Amino acid sequence: MKNFAGLKTTNFFVLRHGETKWNSINKLHGHLDSPLTKKGVSQAWKQNKSLHLQDLSNFIVISSPQKRAYDTAVVALSGITDEINIDDDLVEIGIGDWSGKKLKNIEKGLNLNCTKYELTQLYNRAPNGEGIDRLYQRCYNFIKKLNSPSVLVTHGITSRCLRLAALGWSLERLDELPSEHGVVYRVLDGKHTIVG
């Protein structure tokens with residue numbers, strides 16, 4: 001697996017979208033979408049509260065074009081900025097034929113019982129999927145082109161790969177990074193913190 005040098009001057013916050021209907025029933029999205037639940041909207045408001053405590057005057061906001069991320073961005077940045085840029089590089093990992101399928105059905109088909117940590121490696125087995133290596137490369141290229149402090153609104157696995165690439169950590173450490181709904185993470189000068 002690839003390991004890139006960390007980008008020491010990187011300065012960004014990253015948010016995972018709020019819980020969706022499919023998240024609540026363990027159905028995988030990939031490039032498909034489902035709406036935020038009430039809990040998901042509440043999680044976005046929690047992120048909003050955390051972001052209001054930060055000085056974001058020189059920051060730009062960039063969201064995945066997927067509706068669950070964009071809808072989260074609108075709430076999380078409410079009262080901070082109305083300018084939300086879109087970038088396709090922030091979409092969730094492509095999982096090909098598994099998009100829209102329940103995790104338990106995939107596990108049954110592969111005769112597996114995935115834990116939270118095994119799930120990230122499961123994505124490499126998705127027929128016609130993007131795979132973790134290509135996602136990591138996509139995230140590294142995205143971070144490398146950032147030329148301003150940023151707030152990034154994205155998805156679970158993509159969020160982890162963005163932070164991994166910025167920190168220069170290898171993919172073997174993917175499961176060391178949390179990826180919770182309603183939380184704000186920060187990468188600043190080669191360090192990772194949770195700010196809310």
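The values are calculated or read from the model by the stated rules, or taken from the named source; none is laboratory data. These figures come from a predicted structure and were not determined experimentally. Cβ coordinates were reconstructed from backbone atoms using ideal geometry, including for glycine residues, and neighbour counts include every protein chain displayed. Protein only, heavy atoms only, side chains kept; ligands, DNA and RNA dropped before computing areas. Shrake-Rupley method; radii C 1.70, N 1.55, O 1.52, S 1.80 Å.
Hey, any hits in segment 19-27 for a residue that's open to solvent by less than 40 Å² (accessible area, probe 1.4 Å), among the charged types (D, E, K, R) and either more than 23 Å from Lys102 (Cα to Cα) or in contact with a strand residue (DSSP E or B) (Cβ under 9 Å, 6 or more places away or on another chain) (or both)?
Looking through segment 19-27, at least one residue is open to solvent by less than 40 Å² (accessible area, probe 1.4 Å), among the charged types (D, E, K, R) and either more than 23 Å from Lys102 (Cα to Cα) or in contact with a strand residue (DSSP E or B) (Cβ under 9 Å, 6 or more places away or on another chain) (or both).
Out of all the residues in segment 132-155, is one or more under 25 Å from Ile25 (Cα atoms), touching a residue at least 24 places away in the same chain (Cβ under 8 Å), in a helix (DSSP H, G or I) and open to solvent by 20 Å² or more (accessible area, probe 1.4 Å)?
no
Every residue, every condition in (1) of a type outside the set (S, T, N, Q); (2) farther than 18 Å from Thr72 by Cβ; (3) at pLDDT 95 or above, yes or no:
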| site | (1), (2), (3) |
| --- | --- |
| Lys104 | yes, yes, no |
| Gly109 | yes, yes, no |
| Thr115 | no, yes, no |
| Tyr123 | yes, yes, no |
| Leu135 | yes, yes, yes |
| Ser179 | no, no, no |
| Val187 | yes, yes, yes |
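Working only within segment 157-174, note down all residues that are in a helix (DSSP H, G or I) and either open to solvent by 10 Å² or more (accessible area, probe 1.4 Å) or β-branched (Val, Ile, Thr) (or both).
Within segment 157-174, Ile157, Thr158, Arg160, Leu167, Glu172, Arg173 qualify.
Is it the case that Glu83 is free of Cβ contacts under 8 Å to residues at least 60 places away in the same chain and over 12 Å from the mean Cα position of the chain (by Cα)?
When the stated conditions are applied, Glu83 passes them.
Hey, can you tell me all the residues within segment 52-76 that are of a type in the set (A, V, I, L, M, F, W, C) and over 12 Å from Ser150 (Cα atoms)?
Leu53, Ala69, Ala73, Val74, Val75, Ala76
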